[in-house]
1. Among the residues of segment 15-52, write down those that are more than 16 Å from D75 (Cα to Cα) and of a type in the set (V, I, T).
2. Determine which member of the set S10, S21, S5 is touching a helix residue (DSSP H, G or I) at 6+ places or on another chain (Cβ under 8 Å) and small (G, A, S).
3. The conditions are (1) without any contact (Cβ under 8 Å) to a residue 24 or more places away in the chain; (2) over 12 Å from the mean Cα position of the chain (by Cα), and K71 fails exactly one of them. Which is it?
4. So which residues in segment 7-33 are within 16 Å of I59 (Cα to Cα) and either under 11 Å from the mean Cα position of the chain (by Cα) or surrounded by fewer than 15 Cβ atoms within 10 Å (Cβ to Cβ) (or both)?
5. Against the definition (touching a residue at least 12 places away in the same chain (Cβ under 8 Å) and crowded, with 16+ Cβ neighbours inside 10 Å), how does V81 come out, yes or no?
Amino acid sequence: MSRSSQALHSRYFVISFRRGSQDRTRLGITVTKKVGNAVVRNRIKRLCREFFRLNKHRITGCWDINIIAKKQAADLSTKDVFISLKHIFDRIPNGSHKA
């Protein structure tokens, strides 16, 4: 099992992931001050957690996943955040997101 992480990019997010070291998939979220003020950053983190909560059952295997928001993510609607994250999560190997 490789401990090196892989990254997937979109216009709004970068997702870094690797095989998990524990028996469940874990999520980390990084939103820097470049993205916006505390209200904007917390909103993006809330939306990322909600997307993960609603879709974690579709991810097979155990992964350590970190979502990194880009500056452009600040202006997205809830629907657009979910669509963008879904497109990236679909590309995680063995992360069969058949919605």
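Every number in this text was worked out from the coordinates using simple rules, so none of it is lab data. Note that the structure is a prediction, hence the values are computed from the model and not measured. Every residue, glycine as well, gets a Cβ built from its backbone with ideal geometry; the counts of neighbours run over all protein chains shown.
1. As a first pass, look at segment 15-52 and keep what is more than 16 Å from D75 (Cα to Cα): 15-30, 49-52.
Scanning segment 15-52 gives I15, T25, I29, T30.
2. S10
3. (1) is the only condition that K71 fails.
4. L8, I15, S16, F17, S21, Q22, D23, R24, R26, L27, G28
5. Answer is yes for this residue.
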